[in-house]
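Single-structure report; data block below.
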Amino acid sequence: MAATTEISQKERAVELLKERGAMRRIELSDAGVHPETLSRLVDEGVLTRVSRGLYQLTDADITAPHDLAEVAKRVPKGVICLISALQFHDLTLQTPSRVWVAIGPKARKPKIEYPPTRIVRFGEQALSLGVQTHTVDGVSVPIFDPAKTVVDCFRFRKLVGFDVALEGLHNVIKSGKAKPAEIIRYARDTRIWSVLRPYLETVVADGA
């Protein structure tokens, strides 16, 4: 009977963590998963202890949507940006190892244990342009729209990689998720148009 109970606890823990991404020991305990079961799952390599009292599945997708929700809760004035925003809009094959979030130039840099996070400072104007709000796991998550995301990738091309910026530009035009006019407007507003212009013209001429 005890073995059956342990198996059911293991299954319960795995299912909960698939749904929520990461959970604290007390949350799992409240859900009927004993601490000894968690220890066994860690020893077996099924779970990883990412910080004190915090667990996730070892093969979890670090940048799953629930992680964006977690960051949004911890950085209420931040905006999901760059590679994380590209991934959210299905504009890249990249799998970022952390959540990218933009904050203001004078905002206090948050300390986040989980999920892994990359903080990028944006100017006040750039932070306010092209922000959409998406509901993820019941949380309102600010994310830059596709056109603004691509423009930002060109602005931070040394940080994200020029190939990533070009991939985003190609995919956003090909998918129809942004019109050239939108990209031009954001590029001019953020003073990156002279850099981005030849690449946009080439992509449009080639029909993406």
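The numbers here are math on the coordinates, done by the rules we state, and not lab data. As the structure is a prediction and not an experimental result, all values here were calculated from the model. Cβ coordinates were reconstructed from backbone atoms using ideal geometry, including for glycine residues, and neighbour counts include every protein chain displayed.
Structure data summary
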{"quantity": "For region 7-61 versus region 108-128, the gap between their alpha-carbon centres in whole angstrom", "calculated": "28"}
{"quantity": "Hz values of 3J(HN,Hα) by residue in region 184-201 - Karplus curve (6.51, -1.76, 1.60), Gly and Pro given as x", "calculated": "4, 4, 5, 5, 5, 5, 9, 6, 10, 4, 5, 7, 7, 3, x, 6, 5, 4"}
{"quantity": "At 1.306 mPa s and 10 °C, Stokes diffusion of region 136-208 via Kirkwood alpha-carbon radius, µm² per second", "calculated": "127"}
{"quantity": "Solvent-free Debye scattering, log10 I(q)/I(0), computed from the Cα coordinates of the chain at q = 0.08, 0.15, 0.19 Å⁻¹", "calculated": "-0.34, -0.90, -1.23"}
{"quantity": "Qualifying GluC sites (Glu not before Pro) for region 31-95 [loop in DSSP, other Cβ within 10 Å: at most 10]", "calculated": "GLU44"}
{"quantity": "Dipole magnitude (debye, nearest 20) for region 62-208, charges at Cβ of Lys, Arg, Asp, Glu", "calculated": "660"}
